[in-house]
Amino acid sequence: MEITVNNQPLTLDGPSSVSQLLTAVLQVPGTGIAVAVNQAIVSKSDWPEHVLRQGDQVVLIKATQGG
């Protein structure tokens, strides 16, 4: 299955939730980030149930500090 993560193509072996994408595939900690799928924010509480589909566009937004 082909998806796009931050404008980069990514091939997944099969169905994947947002949580699985972050932990198993991208190895990104789930803290300090927001996730949008097809330009819609997915609440962190919905990550385990939100299954990605062919062609989905995922954007990871990292919180930063500074002034």
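The values are calculated or read from the model by the stated rules, or taken from the named source; none is laboratory data. Note that the structure is a prediction, hence the values are computed from the model and not measured. Every residue, glycine as well, gets a Cβ built from its backbone with ideal geometry; the counts of neighbours run over all protein chains shown.
Listed here are the residues, each with its yes/no results for (1) on the phi < 0 side of the Ramachandran plot; (2) surrounded by 10 or more Cβ atoms within 10 Å (Cβ to Cβ); (3) touching a His at 6+ places or on another chain (Cβ under 7 Å); (4) part of a loop (DSSP other than H, G, I, E, B).
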{"residue": "T4", "(1), (2), (3), (4)": "yes, yes, no, no"}
{"residue": "L21", "(1), (2), (3), (4)": "yes, yes, no, no"}
{"residue": "A36", "(1), (2), (3), (4)": "yes, yes, no, no"}
{"residue": "I41", "(1), (2), (3), (4)": "yes, yes, no, no"}
{"residue": "S45", "(1), (2), (3), (4)": "yes, no, no, no"}
{"residue": "E49", "(1), (2), (3), (4)": "yes, yes, no, yes"}
{"residue": "Q54", "(1), (2), (3), (4)": "yes, no, no, yes"}
{"residue": "V58", "(1), (2), (3), (4)": "yes, yes, no, no"}
{"residue": "T64", "(1), (2), (3), (4)": "yes, no, no, yes"}
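What residue, of V25, V59, is among the hydrophobic types (A, V, I, L, M, F, W, C), out of contact with any helix residue (DSSP H, G or I) (no Cβ under 9 Å at 6 or more places or on another chain) and modelled with pLDDT under 95? Within the list V25, V59, the selection yields V25.
Note on the range 6-19: residues that are in a strand (DSSP E or B) and surrounded by 10 or more Cβ atoms within 10 Å (Cβ to Cβ) total 2.
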